[in-house]
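Every number in this text was worked out from the coordinates using simple rules, so none of it is lab data. Keep in mind that this is a model prediction, so the values were computed, not measured. Counting neighbours? That spans all protein chains shown, and the Cβs are built from the backbone with ideal geometry, glycine included.
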Amino acid sequence: MSKSPSTIKKRIPEFDIQTYGAGIALYQPGDVFGPHLFTNYEFVWIMEGDVVWEVDGIKYKTPENSLCLMKPGTVQSFFWDEKKQSRHAYFIFSFAHGREYFPPDKDIPLIRTMEENDIFKPFFRHILWMIGQGDKKNPKQISMAVTYLMALFISGVADAAEDVGQAYPDAIISTLRYARRKWEDGVLHLPSLEELARHSGVSRAQI
């Protein structure tokens, strides 16, 4: 027995996320931030500098390209790189609805390392851009994006295809070249399948 669309819709979690600020911050060598009691969630992308991050008295090494999750109710400090400028991107958020669909804070990791070709960096940039446009303009899209980033962060699965393209077969390349020559005069000639097959050296069925 199939389920009605309304029944299916009720099973999909709905999230409502509020954002309170986003941006990029710079720190001079040896600067310290904190200790500070966090009351909201905050994602921090360490873009430049090797940082020591202290959470409730425990220190963690957080090199460049670390993605950190600040959790409410924790006291945190950042000891920025002593030898060079530190730079990080951030956005602050809270759950108005939907927090119950994620694990307890104690079961969520603090740090993920962002690889060169994974989805974390472009996704983070997109969220910064959306928040920069103003929460009032696209609150649902921001909620969806932050929710997805949270899910990626928790699972640790943020891989992306290295190459989404695929080399065309020789017959297709020949067909495209032939069509391009046909259209050089600016008139859109529509060659038949038989014509394309003849110039590509394969059968009509294969084309």
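Summary of values
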read-out: Least to most buried among W80, W45 (fewest other Cβ within 10 Å first); value: W45, W80
read-out: Members of K106/K140; K71/K106; K61/K83 lying beyond 19 Å, as alpha-carbon distances in this model show; value: K106/K140
read-out: Average Cα contact separation per residue, region 24-124, under 8 Å, 6 or more apart, as relative contact order %; value: 36
read-out: Sequence of L196, L67 once ranked by neighbouring C-beta atoms within 10 Å, starting from the fewest; value: L196, L67
read-out: Burial ordering of S203, S94, fewest other beta-carbon atoms within 10 Å first; value: S203, S94
